[in-house]
Amino acid sequence: MPEIHTLVLGDYQVNCYIVSPQGGSHCCLIDPGYEAPVIVKKLNDLGLTLDAIVLTHGHFDHVGAVKDIAQLTGCRVYVNPLEKTLPPQLTAGPLCFTNALQDGMTFTEAALTFTALHTPGHTPGSMCLLTQGVLFAGDTLFAGSCGRTDFPGGNARDMLSSLQRLSALPGETWVLPGHGESTTIAEEKRNNPYMRQGFPGEYL
Ligand SMILES: [Zn+2]
């Protein structure tokens, strides 16, 4: 397991994760949504050098601090370019990024190798990132729930396929969502109604 520090930021209580290898001095940030100074201070306190920001999707509550942190640190920024199709009011202006995430790609940052899974439904370019048995699930999978599909670019059918895909991961996979508590794939297969039964017909 990597070492993970969680900051819960902003009005939408978004989970921003600082991820580093055990004992490592470099890190990645998942979804820095707000409060760049708070995040940068935490990185300094931990003595970690930021190599990359990895975004699960383009919504403003996940990307709000990207520009400031990227300018300050010169880190790389990964996102699925499909998120550029979201209306600008949902992304808080143009998305700034350096690297495109694509389904199935692997990449190494801060000595952690990530596998990117395209899991559309909440947004067209939503991604889940897997590293060392930990899944950063963004707003695709929550403990007991899943992300909304009624925003522009959302799609309930896609969400169902994405949840199905995630349910094929090993049960012990640790799930760290964009909001709320952590969980495991096994726990969600047992108790998450969206993963178990899908959506009622009228939503599809
Ligand atoms: Zn979202």
Handout entry: Rounded to 5, the percent of DSSP beta bridges in the chain classed as antiparallel
Key = 65 percent
Problem - Whole-angstrom gap from the stretch 1-57 to the stretch 58-122, using each part's C-alpha centre - result: 14 Å
Completion exercise
In whole Hz, the Karplus estimates of ³J(HN,Hα) for the stretch 106-112 (6.51, -1.76, 1.60; θ = phi - 60°; x where Gly or Pro) are 10, 8, 10, 9, 6, 6, 10
Practice task
Please give the direction-averaged projected area of the C-alpha convex hull for the stretch 61-204, in square nanometres with one decimal.
Solution key: 8.5 nm²
Fill in the blank from the handout: Dividing the helical contributions, -39500 (n - 2.57) per DSSP H run of n ≥ 4, by the residues of the chain yields a 222 nm value, nearest 500 deg cm²/dmol, of -6500 deg cm²/dmol
Handout entry: Magnitude of the charge dipole, the stretch 6-71, Cβ model with Lys/Arg +1 and Asp/Glu -1, debye to 20
Key = 120 debye
Handout entry: Cα gyration tensor shape of the stretch 5-103, rounded if a/c is under 1.5, else prolate or oblate by comparing a/b with b/c
Key = prolate
Fill in the blank from the handout: Spelling it out for V54: with amide H atoms placed in the peptide plane at 1.01 Å from N, the residues 5 or more places away or on another chain with amide H under 5 Å from its amide H are L29, I30, D31, Y78
Handout entry: Added length on full extension, which subtracts the Cα-Cα distance from 0.36 nm per residue, R190 to T98
Key = 29.3 nm
Exercise for the section: Mind giving me the nanometre distance, one decimal, between the label points for A168 and N44, set 7 Å out from Cα along Cα→Cβ? Expected result: 4.6 nm
Practice task
Return the lysines within reach of K41: Cα separation strictly under 21 angstrom, same-chain partners fewer than 8 residues apart disregarded; answer none if there are no such residues.
Solution key: K67
Fill in the blank from the handout: Partner aspartates and glutamates whose C-alpha sits under 13 Å from that of K189, ignoring same-chain residues fewer than 8 away, are E172
Practice task
State the answer as a single residue: which of F107, A92, T56 lies farthest towards the positive end of the charge dipole of the chain, with beta carbon charges of +1 for Lys and Arg and -1 for Asp and Glu, about the Cα centre.
Solution key: F107
Practice task
Any chance you could run the full-extension gain for Y12 through M105? It's 0.36 nm times the residue separation minus the Cα-Cα distance, nm to one decimal.
Solution key: 30.5 nm
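Values in this text are rule-based calculations from the coordinates and carry no lab data. Predicted model, so just to flag it, every value in this text is computed and none were measured. Cβ sites come from the backbone with ideal geometry, for glycine too, and all protein chains shown count toward neighbours.
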